[in-house]
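The values are calculated or read from the model by the stated rules, or taken from the named source; none is laboratory data. These numbers were taken from a predicted model, which means no experiment stands behind them. Note: ideal-geometry Cβ built from the backbone for every residue, glycine included; neighbour counts use all protein chains shown. Heads up: the accessible areas ignore ligands, DNA and RNA and are worked out on the full protein's heavy atoms, side chains in. Shrake-Rupley method; radii C 1.70, N 1.55, O 1.52, S 1.80 Å.
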Amino acid sequence: LVLFVFCYQSAKMTTGFATSNVECVDLARSSFPISTGIGFLDHMIDQFNSHAQIGVSITVDQRKNEQESGTCVLNNGNAYACMDQSVLLPLCGEALGKSMKALLLDVQIGASSRFCCPLDEALVECEIAKKSSGEGRLVHFSLPPYGIYPRSTGRTKIGEMETQPVEGFMRSFVEAAGLEMSLHKITGDNGHHIIESSFKAFSRALRNLIDGTNTNVYGTKPFLELWGPNSQSWTQSLALERQGQHNRKTKETYILVDLKLDGGVKGNSIDTGIPDLDDIFEALAREASLSLEMKCQGDLWVDDHHTSEDVSIALGQVLDKALGTKAGLNRMWCAKAMIGEAAMEVTMDLSNRPFLTENLTESEEEYIGGALTTEMFHHMLESLAMNARMTVHIVEIQKGATMKDSALAIAMAFGRTLKMCAAVDPRRAGKTASSKGTLSV
């Protein structure tokens with residue numbers, strides 16, 4: 001696949017480009033490199049390899065009769081950074097989209113997919129759908145501004161890649177691939193992470209579209225074949241016999257936690273001394289399909305702080321131990337849950353980069369139920385995420401009638417997300433879902 005483009009009117013250095021070695025290979029690595037002449041763009045395109053599990057390659061060259069018209073005085077993969085990127089990025093998007101279209105031939109007309117990708121300073125939602133017309137369209141694009149520095153504009157460049165042509169890349173890609181796409185920045189203060197989150201969300205949405213699966217849709221035949229209790233994923237997940245224990249005694253608390261990622265066959269036995277906290281952990285464990293024994297004798301005559309904080313720290317540490325290196329795992333997912341009027345979505349990445357953010361409406365309730373204070377529920381979530389070394393975004397879709405309803409909906413969504421993140425993806429053959437090849441900090 002070779003595409004040519006010519007540009008004659010631009011304040012920047014212009015030239016003719018050609019793309020070659022353009023491949024999109026499902027569940028395999030391409031034998032060609034990614035070499036666009038812009039280092040950060042190469043890094044973003046590589047997310048399709050890691051997160052869509054599609055072997056992607058593309059090479060950009062100048063046409064032979066224009067090679068003397070000028071090249072950038074840059075190295076380290078940025079030979080074309082001073083060229084007109086408003087031409088170059090859409091060209092790359094179009095070439096990759098045309099190649100990707102071949103992988104989508106067996107995708108059912110009308111099929112759709114949605115994925116949110118959580119980074120520690122950005123959360124981007126991607127929705128894609130295959131339409132009967134075969135003509136693609138970028139329906140919505142709200143990534144700018146790319147970060148908050150400078151405050152007035154955000155980042156104009158990430159490395160040597162300009163941010164403005166990112167929209168052109170995405171538009172050209174989906175138009176050529178025959179997809180409709182919406183890219184929505186839910187939150188984001190860091191320009192690098194906003195763009196990275198968008199490419200990862202797009203990659204994960206593509207994987208689900210090809211698989212015939214979708215987040216928050218768990219009963220379909222394709223989903224059950226890939227992730228259900230009779231799937232290879234389920235069998236391999238159980239075969240790992242992942243578990244962790246924690247036994248700790250201080251002047252404030254005595255804690256015992258025993259966790260097994262065993263499909264929940266041994267059930268849950270939770271007694272922290274705070275019934276509402278027990279309910280929250282019970283909902284989380286049940287939805288995550290894990291077996292959890294948790295006992296705590298805390299200084300509740302002081303208040304709920306030490307107990308709720310310490311058991312959350314212990315549970316996070318035990319989870320981190322049980323999950324191990326995370327190699328071969330699905331790693332990312334997003335899930336929703338409702339209790340009464342409360343509707344929550346949790347997006348999680350087993351990233352080893354601990355971070356938690358939420359947009360919960362400030363509550364006028366001092367307590368969740370009886371003995372658990374609202375402020376300690378927030379602190380409990382943070383303690384859990386920090387010690388499990390996961391990136392977590394909690395999005396309140398609709399506030400609950402009570403804070404207890406909101407808390408239980410969060411716990412359920414957290415558990416559902418954790419279950420999918422912790423699932424073994426047999427197609428990864430034990431390799432880490434990362435362009436770095438590792439999640440080591």
TODO: Select from V311, L408, N352 the residue farthest towards the positive end of the dipole of the chain; place +1 on Cβ of Lys and Arg, -1 on Cβ of Asp and Glu, and compute about the Cα centre.
DONE: N352
Open item on the list: Ratio of alpha-carbon Rg to the 2.2 N^0.38 Å globular estimate for the range 337-435, to two decimals, please.
Closed with: 1.18
TODO: Pop a pseudo-label 7 angstrom from the Cα along the beta-carbon direction at both T156 and H184 and give the gap in nm to one decimal.
DONE: 3.1
- [ ] For every other residue with a beta carbon closer than 11 angstrom to the beta carbon of L350, add +1 if it is Lys or Arg and -1 if Asp or Glu, then tell me the sum.
- [x] +2
- [ ] Take every Cα pair under 8 Å in the chain that's 6+ residues apart, average their separations, divide by the length, and report that relative contact order as a whole percent.
- [x] 14
- [ ] Sum up the charges of everything whose Cβ sits under 11 Å from the Cβ of P165, counting Lys and Arg as +1 and Asp and Glu as -1, but leave P165 out.
- [x] -1
Open item on the list: Quick check: from the Cα gyration tensor, does the range 281-405 come out rounded (a/c under 1.5), prolate or oblate?
Closed with: oblate
Open item on the list: Applying a 10 Å radius around every beta-carbon, put 295-306, 404-415, 32-43, 99-110 in order of their mean neighbour count, most first.
Closed with: 404-415, 32-43, 295-306, 99-110
Task: Nearest 10 degrees, 0 to 90: helix 191-211 Cα axis against the chain principal axis - done: 90
Task: Surface accessible to a 1.4 Å probe, per residue, for the residues of the range 250-351, Å² - done: 35
Task: Size-normalised alpha-carbon gyration radius of the range 104-165, reference 2.2 N^0.38 Å - done: 1.49
- [ ] Using a 1.4 Å probe over the heavy atoms of the protein chains, calculate the carbon and sulfur portion of the accessible area of the chain as a whole percent.
- [x] 49
Open item on the list: Filter K130/K419; K130/K200; K130/K221 down to the pairs with a C-alpha to C-alpha distance above 24 Å, please.
Closed with: K130/K419
TODO: In nm, give the distance between the simple-model label positions of T325 and Q232, each being 7 Å from the Cα along the Cα-to-Cβ direction.
DONE: 2.0
Task: Heavy-atom accessible area per residue - the range 142-222, 1.4 Å, Å² - done: 36
Task: Net charge over other residues, Cβ less than 15 angstrom from the Cβ of N268 (K, R count +1; D, E count -1) - done: -3
- [ ] Measure nothing fancy, just the Cα-based angle from helix 85-103's long axis to the longest principal axis of the chain, in degrees from 0 to 90, nearest 10.
- [x] 70
TODO: Enumerate the residues in the range 295-316 having an amide nitrogen under 16 Å from the point lying 7 Å beyond the Cα of K251 toward its Cβ.
DONE: 298-303, 306-307
Task: Cα gyration tensor shape for the chain, rounded if a/c is under 1.5, else prolate or oblate - done: prolate
Task: the range 90-150: relative contact order in percent, alpha carbon pairs under 8 Å with at least 6 residues between - done: 24
